[in-house]
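Have a look at the structure below before the remarks.
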Amino acid sequence: MSRTPSPALPESLRSELDAFTDTLWLEHGLARNTLSGYRSDLALFGLWLAEKGTALRVAEGADLAAYLADFSKRARPASQRRLLSAWRRYYRHLLARGEIQADPTLQLDSPLPGQRFPKTLSETQVEALLAVPDADTPLGLRDRCMLEVLYASGLRVSELTELKLFAVSLNEGVVR
């Protein structure tokens, strides 16, 4: 997976984040946007910790709580939830590999406001949307197929537009 270089990151932190995001991509198939967000969140937290003389992998619950308190003053709830998700994934990844003894995210006790659910289309609206492309033309058939894949899989538009042929298994009925 390609990465945007982060010249401000120490090489050790950069390679640690590379290995982590590669694992998430290979083993869990997370979307590029999710990986990018996790990487950015962890990099900023890692730099914040470095200023305090602590490494990302040995941060404690108090470090996470202090950073989250500061972060929540300037970030939207969705960004706060993504940060918590990145932390949980990262520290559970280290724990599963035996690289740390305890998950510091378990020490966080302040739940964030509830997640906002996306607006959904009614069945009638979906049928109307799927009826728009002219399936008798190559472009219409392509558009209809793209809409069906979006609807059936829950992929993001960016994920669909980056989808490669080898990621689709018609025999198994799977998109990976």
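A short reminder: the numbers here are calculations on the coordinates, not readings from a lab. As the structure is a computational prediction, the values presented were derived from the model and not from experiment. Note that each Cβ is placed from the backbone with ideal geometry, even for glycine, and that neighbours are counted across all protein chains shown.
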### Query
What spacing in nm lies between the two simple spin-label points modelled at Leu130 and Arg176, each 7 Å away from Cα in the Cβ direction?
2.6 nm
### Overall dimensions of the chain as given by Cα atoms, namely Rg and Dmax in Å
20.2, 64
### Query
Are there GluC sites (Glu not before Pro) in the range 121-166 that DSSP puts in a loop and that have at most 15 other Cβ atoms within 10 Å, and which ones?
Glu162
### Task
Among the lysines, select those whose C-alpha is under 30 Å from the C-alpha of Lys52, and discard any that sit fewer than 8 residues away in the same chain.
Lys73
### Query
Using modelled amide H (1.01 Å from N, peptide plane; none on Pro or chain starts), what sits under 5 Å from the amide H of Arg156, excluding residues fewer than 5 places away?
none
### Query
Picking from Ser12, Ser40, Ser85, which is most flexible by a Gaussian network model of the chain using Cα springs under 10 Å?
Ser12
### Query
In nm, to one decimal, how far is the modelled label at Asn33 from the one at Leu160, with both set 7 Å along Cα→Cβ?
1.3 nm
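DSSP loop (so not H, G, I, E, B), at most 16 other Cβ within 10 Å: list which GluC sites (Glu not before Pro) in the range 17-116 pass both filters. Can you show the working numbers first?
Working: sites: Glu27, Glu51, Glu60, Glu99; in loops: Glu60, Glu99.
Hits after loop and neighbour filter: Glu60, Glu99.
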### Query
How big is the charge dipole of the chain about its Cα centre, in debye rounded to the nearest 20, if each Lys and Arg gets +1 on its Cβ and each Asp and Glu gets -1 on its Cβ?
420 debye
### Query
For the range 13-107, which trypsin sites (Lys or Arg not before Pro) are both in a DSSP coil and crowded by at most 15 other Cβ atoms within 10 Å?
Lys52, Arg97
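If the only charges are +1 at each Lys and Arg Cβ and -1 at each Asp and Glu Cβ, what is the size of the charge dipole of the range 123-175 around the Cα centre, to the nearest 20 debye? Working shown, then result.
Working: 4 positive and 9 negative charges, 41 e Å.
Dipole size: approximately 200 debye.
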### Task
Quote the relative contact order of the range 11-107 in percent (integer), defining contacts as alpha-carbon pairs under 8 Å separated by 6+ residues.
27 percent
### Message
Run the simple label-point estimate for Trp25 and Asp70 please: 7 Å along Cα→C-beta, distance reported in nm.
### Response
3.0 nm
